[in-house]
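Novice: Sharing a structure below in structure tokens format, with a few things to ask.
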Amino acid sequence: MLDVTLICVGKLKEDFYRDACREYIKRLGAYCRLTVTEVPEERRSANPSPAETAACLSREGEAVKNAVPRGAAVIALCVEGQGMSSEDFAGTLNGLSRTYSKLALVIGGSDGLAPAVKDSARLRLSMSSMTFPHHLARVMVLEQLYRAFSILNGGKYHK
């Protein structure tokens, strides 16, 4: 069974996001060993300078890199990443699982991911060219993981 770690910058505060995440985490238990790891989002001033934002991203990036399991293939969720269909994502997961026994998907905070995290990723993945709150992105990633595993296992979830 594949080990999947979802690394997220920041904590979920809203109950509706937590409830949705719990549901997909429960469903994913049939397909993988899933761990969700939250790393702190660095505090920024009300109007951070580009230098302050870069420094915060760098510290978040270090926390993310420390949370990645040894030997895991990293998938960085970022707007400039590659877009793909659910079927293509399932195929990508299947291909990565043939080479790696561990995968780590990384969702940045409100300012995205540190360049060092993106540079170290095996894959940069974009969920859309639209902008979503990073908390909603967590729900969306979990749903797409569940959909991908359902596709790979011949389930009826994906139509």
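The values are calculated or read from the model by the stated rules, or taken from the named source; none is laboratory data. Bear in mind the structure is a predicted one, so any value in this text is a computation, not a measurement. Positions of Cβ are generated from backbone atoms using ideal geometry, with glycine treated the same way; all protein chains shown enter the neighbour counts.
Novice: Which of the residues belonging to the stretch 81-95 are of a type outside the set (Ser, Thr, Tyr), farther than 17 Å from VAL4 by Cα and either in contact (Cβ under 8 Å) with a residue 24 or more places away in the chain or in contact with a helix residue (DSSP H, G or I) (Cβ under 6 Å, 6 or more places away or on another chain) (or both)? Step through it out loud before you land on a result.
Specialist: Filtering the stretch 81-95 for residues of a type outside the set (Ser, Thr, Tyr) gives 81-84, 87-91, 93-95.
Next, only the ones that are farther than 17 Å from VAL4 by Cα stay: 81-84, 87-88.
Across the stretch 81-95, the qualifying residues are GLY81, GLN82, GLY83, MET84, GLU87.
Novice: Just to be sure I understand, how many residues within the stretch 86-109 are in a loop (DSSP other than H, G, I, E, B) and more than 16 Å from the chain's Cα centre (by Cα)?
Specialist: Qualifying residue count for the region: 2.
Novice: Out of the stretch 118-152, which residues are outside any helix (DSSP H, G or I) and modelled with pLDDT under 95? Full working, then the answer.
Specialist: Of the residues in the stretch 118-152, the ones outside any helix (DSSP H, G or I) are 121-133.
Residues satisfying the conditions are MET127, SER128, SER129, MET130, THR131, PHE132, PRO133.
Novice: Kindly indicate whether GLU87 is more than 16 Å from ALA104 (Cα to Cα) and exposed (fewer than 15 other Cβ atoms within 10 Å of the Cβ). So that I can check it myself, show each step before the final result.
Specialist: Working: more than 16 Å from ALA104 (Cα to Cα): yes; exposed (fewer than 15 other Cβ atoms within 10 Å of the Cβ): yes.
Answer is yes for this residue.
Novice: In this structure, does ALA104 turn out to be touching a residue at least 24 places away in the same chain (Cβ under 8 Å) and in contact with a strand residue (DSSP E or B) (Cβ under 9 Å, 6 or more places away or on another chain)?
Specialist: yes
Novice: Of everything in the stretch 16-62, what is within 26 Å of ALA121 (Cβ to Cβ) and among the acidic types (Asp, Glu)? Give them in sequence order.
Specialist: Those that are within 26 Å of ALA121 (Cβ to Cβ) and among the acidic types (Asp, Glu): GLU38, GLU41, GLU42, GLU52, GLU60, GLU62.
Novice: Report, by residue number, each residue of the stretch 7-35 that is assigned to a loop (DSSP other than H, G, I, E, B) and closer than 20 Å to ALA114 by Cβ.
Specialist: GLY10, LYS11
Novice: Which residues, taken from the stretch 36-70, are under 20 Å from TYR100 (Cα atoms), touching a strand residue (DSSP E or B) at 6+ places or on another chain (Cβ under 6 Å) and outside any helix (DSSP H, G or I)?
Specialist: VAL36, THR37, VAL68, PRO69
Novice: Can I ask one more? Go through the stretch 126-156 and give me each residue that's in contact with a Ser or Thr (Cβ under 8 Å, 6 or more places away or on another chain) and under 21 Å from ARG33 (Cβ atoms).
Specialist: Answer for the stretch 126-156, where residues must be in contact with a Ser or Thr (Cβ under 8 Å, 6 or more places away or on another chain) and under 21 Å from ARG33 (Cβ atoms): GLN144, ARG147, ALA148, ILE151.
Novice: Exactly one condition in (1) within 13 Å of the chain's Cα centre (by Cα); (2) loosely packed, with under 14 Cβ neighbours inside 10 Å is false for GLU80; which is it?
Specialist: Going through the list (1) within 13 Å of the chain's Cα centre (by Cα); (2) loosely packed, with under 14 Cβ neighbours inside 10 Å, GLU80 breaks only (1).
Novice: If you check CYS56 against the conditions, is it within 15 Å of VAL141 (Cα to Cα) and surrounded by 17 or more Cβ atoms within 10 Å (Cβ to Cβ)?
Specialist: Values: within 15 Å of VAL141 (Cα to Cα): no; surrounded by 17 or more Cβ atoms within 10 Å (Cβ to Cβ): yes.
No: the conditions fail for CYS56.
Novice: Would you confirm, using the coordinates I've provided, whether ILE25 is in contact with a strand residue (DSSP E or B) (Cβ under 7 Å, 6 or more places away or on another chain) and buried (at least 19 other Cβ atoms within 10 Å of the Cβ)?
Specialist: no
Novice: Out of all the residues in the stretch 113-127, is one or more under 22 Å from MET1 (Cα atoms), without any contact (Cβ under 8 Å) to a residue 60 or more places away in the chain, out of contact with any strand residue (DSSP E or B) (no Cβ under 6 Å at 6 or more places or on another chain) and of a type outside the set (D, E, K, R)?
Specialist: No, the stretch 113-127 has no match at all.
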